[in-house]
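J.: If you scroll down you'll find the structure; I have some questions about it.
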Amino acid sequence: MKKWFVLISVFLLMSCAHEQKEQQQSLQQENITNVSHDGSAKRSDQQHAEKAVQMLKAREDVKDAVAVQANGRLLVAYQVKHLHRFRMKQIEKEVGKALNEQFREKVIASHDLKIFWKTKALKQKIETKNISEQAIEKEVTVIQKLSEEQT
């Protein structure tokens with residue numbers, strides 16, 4: 001009887017171990033194991049955005065970053081790694097200070113997930129060139145207002 005119990009237990013454990021290698025995060029819809037995007041829009045006027053993304057991704061407490069530059073404003077959205085969220089206020093101050101010292105433009109930095117999504121969608125529109133300069137400016141203004149809201 002004990003042999004059957006051990007055999008069945010081993011079989012169940014072995015069958016449970018075969019999960020999919022790439023799981024989806026429920027909120028972000030991106031692969032956990034394989035995030036390989038640059039995070040900054042690819043246009044000639046986006047050098048500051050690219051530099052801001054590289055600067056934030058170099059930090060150990062930032063998981064991902066996206067930036068868009070439009071009409072003298074630099075919109076930066078970033079995600080903080082899970083265990084570093086306890087220091088969110090300190091990270092927010094450090095990132096804001098570093099970005100303001102590095103760039104002359106008005107910097108709008110946010111760690112909010114909704115702002116991250118909207119900035120990423122705007123970046124993708126810019127990359128595919130499906131958006132005009134006026135529409136970019138309008139979307140940056142909308143995202144800036146969203147980032148300034150208090151919940």
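J.: Just one of LYS138, LYS145, LYS123, LYS129 is under 16 Å from the mean Cα position of the chain (by Cα) and basic (Lys, Arg); which is it?
T.: LYS123
J.: So which residues in segment 106-138 are among the acidic types (Asp, Glu) and either touching an Asp or Glu at 6+ places or on another chain (Cβ under 7 Å) or over 13 Å from ALA67 (Cα atoms) (or both), if there are any at all?
T.: Going through segment 106-138, the residues among the acidic types (Asp, Glu) turn out to be 112, 127, 133, 137.
ASP112, GLU133, GLU137, listed by residue number.
J.: What's the number of the only condition in (1) within 18 Å of GLU149 (Cα to Cα); (2) in contact (Cβ under 8 Å) with a residue 24 or more places away in the chain that GLY96 fails to meet?
T.: Only one criterion in (1) within 18 Å of GLU149 (Cα to Cα); (2) in contact (Cβ under 8 Å) with a residue 24 or more places away in the chain is unmet by GLY96, namely (2).
J.: Among the residues of segment 85-117, write down those that are within 19 Å of HIS48 (Cβ to Cβ) and either basic (Lys, Arg) or loosely packed, with under 12 Cβ neighbours inside 10 Å (or both).
T.: Result: LYS97, GLU101, ARG104, LYS106.
J.: Which condition from (1) farther than 17 Å from GLN47 by Cβ; (2) crowded, with 19+ Cβ neighbours inside 10 Å is the one that LYS123 breaks?
T.: For LYS123, the failing item is (1).
J.: Can I ask one more? Just give me the residues in segment 53-81 being among the small types (Gly, Ala, Ser) and at pLDDT 90 or above, in sequence order.
T.: ALA58, ALA65, ALA67, ALA77
The values are calculated or read from the model by the stated rules, or taken from the named source; none is laboratory data. Because the structure is a prediction, the values reported are computed rather than measured. Ideal geometry is used to build each Cβ from the backbone, glycine not excepted, and the neighbour counts take in all protein chains shown.
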